[in-house]
1. For the charge dipole of the stretch 8-177, defined by +1 on Lys and Arg C-beta atoms and -1 on Asp and Glu C-beta atoms about the Cα centroid, which residue among GLY145, GLN120, MET165 has the Cα displaced farthest towards the positive pole?
2. Each residue of the stretch 101-109 in turn: what ³J(HN,Hα) in whole Hz from Karplus with 6.51, -1.76, 1.60 and θ = phi - 60°, glycine and Pro shown as x?
3. Any idea what angle helix 38-47 forms with the longest principal axis of the chain, computed on alpha-carbon atoms, 0 to 90 degrees, nearest 10?
4. Once both axes come from the Cα atoms, what is the angle between helix 16-25 and the longest principal axis of the chain, in degrees from 0 to 90, rounded to 10?
5. Roughly what % of Cα-Cα distances in the chain sit above 26 Å, to the whole percent?
6. What is the helix-to-structure angle for 285-303, meaning the angle in degrees between its Cα long axis and the longest Cα principal axis of the chain, kept from 0 to 90 and rounded to the nearest 10?
7. Once you have the Cα-Cα distance between ARG245 and ARG262, take 0.36 nm times their residue separation minus that, and quote the gain in nm to one decimal.
8. Along each of the three principal axes of the Cα atoms of the stretch 182-296, give the extent in whole Å, ordering the values from largest to smallest.
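All of the numbers you see were taken from the coordinates with simple rules; none came from a lab. In this text, all values refer to a predicted model and were calculated from it rather than measured experimentally. When we count neighbours, we look across all protein chains shown, and the Cβ atoms used for this are built from the backbone with ideal geometry, even at glycine.
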Amino acid sequence: MSEVIMMKIGIIGGGSIGLLYAFYLNKQHEVTLYVRSDEQKDIISLEGIFLNKKENRRNERIHVEYIHNWKGQDEITFVAVKEYHLDTLLATLSIHTKTLFIFLQNGMGHLEKLERLKNQQVYIGTVEHGALKVNKNEVNHTGLGVTKLAPLTENAEPIQLSNVMANSEDFPFMLYQNYEDIMLKKLVANAVINPLTAILKIRNGLLIEDPSYFKVFKILFTEVTAALSIKDSQEIEAYVVSICRKTAHNQSSMFKDIVEGRKTEVDAIVGYCLTQANKNQESVPLLTSCYFMIKGMEKKGEKD
């Protein structure tokens, strides 16, 4: 393993992914986690972050600040907020800085928004770890995966990433050249697994374990790949099935958002696919129905 040089790393967002990345990266780097609420800032300042993995419970002391105090002084900044929070955040991020950005949002709806950062160093990341936020400063690492990175802007230099990629074997990173290659597979998985598990109120594994649910899975998968003009879909189907298998006992993020009355990322995920279907003149009735069902469930959650 190559020698790791300590870097200043910022992580914006105190959700499950933000907590997970802050915990692991803080082992070899100087991490600052940027959060919104007083409550989360206070408890992390006092107790640090707890991570549960199988039977182990570990703790890392983390420097924590408010998001509005982010000044772009970190060498690398991971942006781990939901896609719908990017609009207000980008005004701050677009300040000219030397930081290298890594965006970890689901879906592909945020790519157009990142045009505002076209003169900066921007990478896109896809997260294949399983993570469940227990409370403000505790996260369960429910499935070991990999973070796939690819440059979005032309001036994105991979040199700084070498120290992050050498981080450790238990939290691996992989670098790719084409961001669409890594994002399309993850988008298909999200567009199939998230809405179905939220609507049916089931854990991920049941989509492939139950024959009736698997038939619905196949229909929606066919529509999603048609919407995205994916011709050779066998490898991607195997990938989505493998995600269901690896996270069989997990609830999808959209399911959890619905249960907890939060806004979902349905626009960034399913909405993006519907836009592409419209451009490609593809009929996607089940995908369309899923979109409106989730939107209705969101409204019900807000009222409740």
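1. The one lying farthest along the dipole's positive direction is GLY145.
2. With the stated coefficients, the stretch 101-109 comes to 8, 10, 9, 10, 6, 6, x, 10, x Hz.
3. Taking Cα atoms only, the helix is inclined about 60 degrees.
4. With rounding to tens, the tilt is 40 degrees.
5. Within the chain, distances greater than 26 Å cover 45 percent of Cα pairs.
6. With both axes taken from Cα atoms, the answer is about 60 degrees.
7. Gain in length upon complete extension: 3.5 nm.
8. Here the spans come out as 34, 29, 27 Å, largest first.
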